[in-house]
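Read through the structure below, which is laid out as structure tokens, and then see the notes.
Please treat every number below as a calculation from the coordinates, not as lab data. Since we're looking at a predicted model, the values are computed, not measured. Quick reminder, even Gly has a Cβ in these numbers, built from the backbone with ideal geometry, and neighbours come from all protein chains shown.
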Amino acid sequence: MDWKWSEAGKMKNGQPFETEDSLGNHNYMSIKGSFVWKKNVQPDYVWFNGTANHYLVG
């Protein structure tokens, strides 16, 4: 449920590395950053009705 790209790039002994949580999910990858995983998440459904209102200042 969380992906922090800004934490990518860390190295161990000059090499990229990966770590996993107790369930085998990656929680850090040098090329992608850190992750937080969740289970049984209720999704939010959002639809766009095809219209938009805009206001330009001035």
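Miscellaneous remarks
- Segment residue 30-residue 56, length gained on full extension (0.36 nm per residue, minus Cα span): 5.1 nm
- The length gained by stretching the chain between residue 21 and residue 38 to full extension, at 0.36 nm per residue less their Cα-Cα distance, is 4.9 nm.
- Sequence-distant contacts, meaning Cα pairs under 8 Å at least 6 residues apart, place the relative contact order of the chain at 33 percent.
- Taken over the Cα atoms of the chain, the convex hull encloses 148 Å³ per residue.
- Neighbour-count order for 28, 45, fewest beta carbons within 10 angstrom listed first: 45, 28
- Each of 10, 38 was scored by other Cβ atoms within 10 Å of its Cβ. Listed from fewest to most, they are 38, 10.
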